[in-house]
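Taking it in order: structure first as structure tokens, then the write-up.
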Amino acid sequence: MEHIKLSVEKTLNFVDREEIFKYKEESEKHLTALHEGTGKGNEYTGWVNLPSKITAVELKDIQETANHLKERIEVLVVIGIGGSYLGAKAVNDALANNFDMLQADNENPLVIYAGQNISEDYLYELMEILENIEFGICVISKSGTTTEPALAFRLLKELLEEGVGKEEAKERIVAITDESKGALRTLADQEGYKTFVIPDNVGGRYSVLTPVGLLPIAVAGHDITKLVEGAKAMQKYTVATDFEENPALLYAATRNALYSKGKEIEILANYNPKLHNIAEWWKQLYGESEGKENKGIFPASVDLTSDLHSMGQYIQEGKRNIFETVLSIAKTKYKVVIPKDKGNLDKLNFLAGKRVDEVNKMAELGTQLAHVDGGVPNIRIELPELNEFYIGELLYFFEIACGVSGYILDVNPFDQPGVEAYKSNMFALLEKPGFEEETKKIKERL
Ligand code: PA5
């Protein structure tokens with residue numbers, strides 16, 4: 001079976017093979033700890049065996065709920081923030097037609113997102129457009145108390161109920177939350193919404209293979225069974241494969257070897273705009289998992305070749321504290337051949353007869369070599385093609401590598417204590433009941 005491939009060859013001008021291999025035993029030990037649930041933060045490692053544990057019955061329930069929504073709506077608004085929406089958005093964008101929003105006859109509802117910002121204009125414009133659209137809501141919050149999604153849900157629930165009535169609104173709202181705790185659970189039970197549970201032992205950013213990711217992905221018309229099969233294949237492969245060939249262990253080891261040499265920023269680069277939101281998901285996964293205790297590689301991303309005309313200068317010649325990980329797709333879905341032009345004013349006839357993807361691949365290779373020459377080590381991840389199976393492999397690969405990498409860094413990759421700081425200041429400033437002391441203190445600082 002073909003898998004996604006990882007190559008670290010182009011880092012070897014910067015770190016020796018031994019510097020990577022010195023993490024061999026440690027990374028193997030961490031992989032075992034993740035599977036056995038014996039490492040730091042082990043109360044949140046339920047995602048490790050998720051792909052092999054998801055049952056056909058669970059997938060059927062998700063698919064049937066998606067079908068139920070599809071019969072009634074043109075647009076699904078996924079309300080959630082952080083790990084409660086990034087995975088679904090990443091997969092949906094990776095698998096969708098780039099111009100879905102312009103296709104009049106979409107057989108699947110368009111999935112859009114809210115609750116990831118507190119922009120009044122965003123919410124106004126969203127509500128304005130939804131007034132004339134048959135829409136449904138998938139509200140996702142593990143804690144059930146996060147402000148951004150709760151605020152968006154309050155507004156959209158009211159809009160939906162006013163538009164179609166309370167009974168029909170109930171048919172169009174699905175809540176994904178904790179089994180028993182939190183305001184969203186209470187509300188969903190009171191209103192009688194269809195609900196799915198986010199398992200206690202799976203944190204937000206590792207939840208894409210639970211209903212959190214799977215329901216919105218199924219509504220968008222993608223094959224969730226294949227996605228899970230891909231993740232399962234990668235689960236098996238990373239357990240059964242020796243360090244030398246194991247993409248997750250090698251990735252975790254290589255990035256830590258580079259980090260120890262002062263390469264503190266990792267840029268995830270893609271050559272296909274569909275992967276933009278895979279990078280957004282990846283940034284949350286790695287940023288929240290590793291950025292703590294004054295440690296961690298800063299995860300950044302670029303879309304190429306577009307950003308070669310903006311960030312390219314910095315990557316080539318700026319401060320040499322970065323390394324680059326390129327996401328490459330071996331085979332395109334479609335074929336576009338460059339035509340010959342009689343006038344040849346653009347002087348591009350030397351490309352006539354070639355596929356556009358050949359140009360893209362040479363841009364990728366040329367950029368990789370230029371960046372390596374400029375002092376930027378390069379890791380390469382290749383997907384045979386962009387489909388559910390390989391996206392499933394990629395998601396699991398990044399997750400398991402992140403767990404191992406966080407353990408090498410000696411942090412708990414499954415908590416996010418730093419996220420609370422802004423919330424507490426915001427509540428103090430908004431004079432939330434219970435925050436009187438904080439309100440007093442923060443006002444003295446203004
Ligand atoms: O990874 C995480 O745990 C976080 O990013 C959460 O997903 C995010 O804060 C949203 O939390 P909740 O689902 O509780 O609303």
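The values are calculated or read from the model by the stated rules, or taken from the named source; none is laboratory data. Keep in mind that what you see is a predicted model, and the values were worked out from it rather than measured. A quick note on method: Cβ atoms are made from the backbone with ideal geometry, for glycine too, and the neighbour counts reach across all protein chains shown. The accessibility values were calculated without ligands, DNA or RNA, using every heavy atom of the protein model including side chains. Shrake-Rupley method; radii C 1.70, N 1.55, O 1.52, S 1.80 Å.
With the dipole of region 167-301 worked out from charges on the C-beta (+1 for Lys and Arg, -1 for Asp and Glu) around the Cα centre, which of GLN235, THR195, ASN272 lies farthest toward the positive end?
ASN272
Considering the Cα trace of region 101-209, what is its radius of gyration and what is Dmax, both in angstroms?
Cα radius of gyration and Dmax of region 101-209 are 14.4, 41 Å respectively.
How much net charge surrounds SER289 when only the other residues with a Cβ under 14 Å from the Cβ of SER289 are counted, with Lys and Arg +1 and Asp and Glu -1?
Charge balance in the 14 Å sphere: -1.
Kindly sort SER310, SER7 by accessible area of their heavy atoms, largest first, with the probe set to 1.4 Å.
SER310, SER7
Work out the P(r) tail for region 174-277: percent of alpha carbon pairs separated by more than 25 Å, whole number.
Percent of Cα pairs beyond 25 Å in region 174-277: 45.
Run the reach check for LYS24 against aspartates and glutamates, Cα to Cα strictly under 17 Å, same-chain hits fewer than 8 apart removed. What comes back?
GLU9, ASP16, ASP242, GLU244, GLU245, ASP410
Nearest-5 percent of antiparallel DSSP beta bridges in the chain?
Here the antiparallel bridges make up roughly 15 percent for the chain.
If one computes the Cα centroid of region 199-272 and of region 341-411, what distance in Å separates the two points?
17
May I ask you to list the residues of region 254-280 whose amide nitrogen lies under 12 Å from a point 7 Å from Cα along the Cα→beta-carbon direction of ASP346?
Within reach of a label on ASP346: no residues.
Given the Cα atoms of region 379-446, and with Rh set as the inverse mean 1/r over their pairs in the Kirkwood sense, what is Rg to Rh to two decimals?
Ratio of gyration radius to Kirkwood radius for region 379-446: 1.31.
To the nearest 20 debye, what charge dipole does region 247-405 have about its Cα centre, counting +1 at the Cβ of each Lys and Arg and -1 at the Cβ of each Asp and Glu?
For this selection, approximately 440 debye.
Share of region 112-151's accessible area from carbon and sulfur, percent, 1.4 Å?
C and S fraction of accessible area: 53 percent.
Tell me, what are the semi-axes, in whole angstrom and largest first, of the equivalent ellipsoid of region 1-151 as set by the roots of 5 times the Cα gyration tensor eigenvalues?
Computed over region 1-151, the values are 38, 20, 19 Å.
Kirkwood hydrodynamic radius for region 28-98: how many Å is it when counted over pairs of different Cα atoms?
So the Kirkwood estimate lands at 15.3 Å.
Would you mind giving the average projected area, over all directions, of the Cα convex hull of the chain in nm² with one decimal?
Taking the Cα atoms of the chain, their convex hull projects to 24.9 nm² on average.
When ligands, DNA and RNA are left out and all protein chains stay put, how many square angstrom of accessible area per residue does the chain have with a 1.4 Å probe?
Using a 1.4 Å probe on heavy atoms only, each residue of the chain averages 47 Å².
Once the Cα gyration tensor of region 348-392 is diagonalised, what are the square roots of 5 times its eigenvalues, in whole Å and ordered largest first, as equivalent ellipsoid semi-axes?
Semi-axes, largest first: 23, 22, 4 Å.
So in region 203-324, what percent of DSSP beta bridges are antiparallel if you round to the nearest 5?
10
Measure up LYS22/LYS226; LYS142/LYS292; LYS261/LYS361; LYS295/LYS432; LYS232/LYS423 against 25 Å on the Cα-Cα distance and list the ones that go over.
Long pairs (Cα-Cα over 25 Å): LYS22/LYS226; LYS261/LYS361; LYS295/LYS432; LYS232/LYS423.
Please work out the ratio of the alpha-carbon Rg of region 216-354 to 2.2 N^0.38 Å and round it to two decimals.
1.35
Which whole-number percent is the relative contact order of region 330-379 (Cα, under 8 Å, 6+ apart)?
Details: 28 pairs, mean separation 14.7, N = 50.
Reported as a whole number, the value is 29 percent.
For LYS423, what is the net charge nearby, where nearby means another residue's Cβ is under 12 Å from its Cβ and Lys, Arg count +1, Asp, Glu -1?
-2
Which angle between 0 and 90 degrees, to the nearest 10, do you get for helix 247-260 versus the longest principal axis of the chain when only C-alpha atoms count?
With both axes taken from Cα atoms, the answer is about 80 degrees.
Using Cα pairs closer than 8 Å and at least 6 residues apart in sequence, work out the relative contact order for the chain, in percent.
Value for the chain: 24 percent.
How long are the semi-axes of the equivalent ellipsoid of region 310-379, taking √(5λ) for every eigenvalue λ of the Cα gyration tensor, in whole Å from largest down?
Sorted largest first and rounded, they come to 30, 16, 8 Å.
Mind telling me which of VAL419, VAL404, VAL372 comes out most flexible in a GNM of the chain, alpha-carbon contacts under 10 Å?
VAL419
Can you give the net charge of the other residues whose Cβ lies under 14 Å from the Cβ of TYR314, counting K and R as +1 and D and E as -1?
Result for the local shell: -1.
Could you tell me how many degrees, from 0 to 90 and to the nearest 10, lie between the Cα long axis of helix 147-164 and the main elongation axis, the longest principal axis, of the Cα atoms of the chain?
Tilt of helix 147-164: around 60 degrees.
So, by mean Cβ neighbours within 10 angstrom, what's the order for 348-358, 206-216, 168-178 with the highest one leading?
206-216, 168-178, 348-358
Given only helices, namely DSSP H runs of n ≥ 4 each adding -39500 (n - 2.57), what is the per-residue ellipticity at 222 nm of the chain, to the nearest 500 deg cm²/dmol?
-14500 deg cm²/dmol
Under 5 Å between amide hydrogens, which residues at least 5 positions from VAL78 or on another chain qualify, with H placed 1.01 Å from N in the peptide plane?
Long-range HN contacts for VAL78: ILE112, TYR113, ALA114, CYS138.
May I ask for the angle, rounded to the nearest 10°, between helix 86-95 and the longest principal axis of the chain, with both axes built from Cα atoms and the value confined to 0 to 90°?
60
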